[in-house]
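Below is one structure, written out as structure tokens, with a few remarks after it.
The values are calculated or read from the model by the stated rules, or taken from the named source; none is laboratory data. The structure presented is a predicted model; accordingly, all values stated were derived computationally and were not measured. For neighbour counting, all protein chains shown are included, and Cβ atoms are generated from backbone atoms with ideal geometry for every residue, glycine included.
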Amino acid sequence: MTVDRTLQENGSMLPMTGGLIFVAFAITALVVEIALLGAAYRDIATVADLAAESAATVVAVPGAYGDDISLDVGAAESEARRVGRMWGSGNEVMTVDVNASRICVTVTDGYRPRTLVFIGVSELSIRATGCAAPRVG
């Protein structure tokens, strides 16, 4: 009686198990990377919101006691930049757009992914904008 060695399946699960483990690690790394990217976005969005809301409190003196409240443009921009420097990491680029009725602060930063480098993604640009306006009340 001869045994046909081509029908033996010893070790046939090893390549499939290795592949599944690799796919599981890749998906886990992608999920962690997306979470870190979301945290970085949340950080710069917080800086943009804080700078805009803080600058919206700088009103021009002539309208401060009436119903015609407007921003002191120069002081509001200075306040937005001061708060941005205070709460930011120092690597962000901040753009301030201010007029008499509204201020918008845009913060742009670079995010360096940890796990996407092997597919050629070395840095992602993230941007967040926060706007505020003074109001009576």
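Checked against (1) over 30 Å from Ala128 (Cβ atoms); (2) outside any helix (DSSP H, G or I); (3) modelled with pLDDT of 80 or more, Gly18 passes all but a single condition, namely (2). Filtered by the rule that a residue be farther than 14 Å from Ala45 by Cα and acidic (Asp, Glu), the stretch 92-105 gives a lone residue, Asp97. Selection of the stretch 69-91 for residues being at pLDDT below 90 and under 25 Å from Ala40 (Cβ atoms) yields Gly88, Ser89, Gly90, Asn91. Which residue pairs have Cβ atoms closer than 6 Å, lie 6 or more positions apart in sequence or on different chains, and pair a first residue in the stretch 28-45 that is within 13 Å of Ser89 (Cα to Cα) with a second residue that is surrounded by 11 or more Cβ atoms within 10 Å (Cβ to Cβ) and of a type in the set (Ser, Thr, Tyr)? Cβ pairs passing all conditions: Ala40/Tyr111. If the condition is being assigned to a loop (DSSP other than H, G, I, E, B), surrounded by fewer than 10 Cβ atoms within 10 Å (Cβ to Cβ) and more than 19 Å from the chain's Cα centre (by Cα), then the stretch 106-137 contributes Gly120, Arg135, Val136, Gly137.
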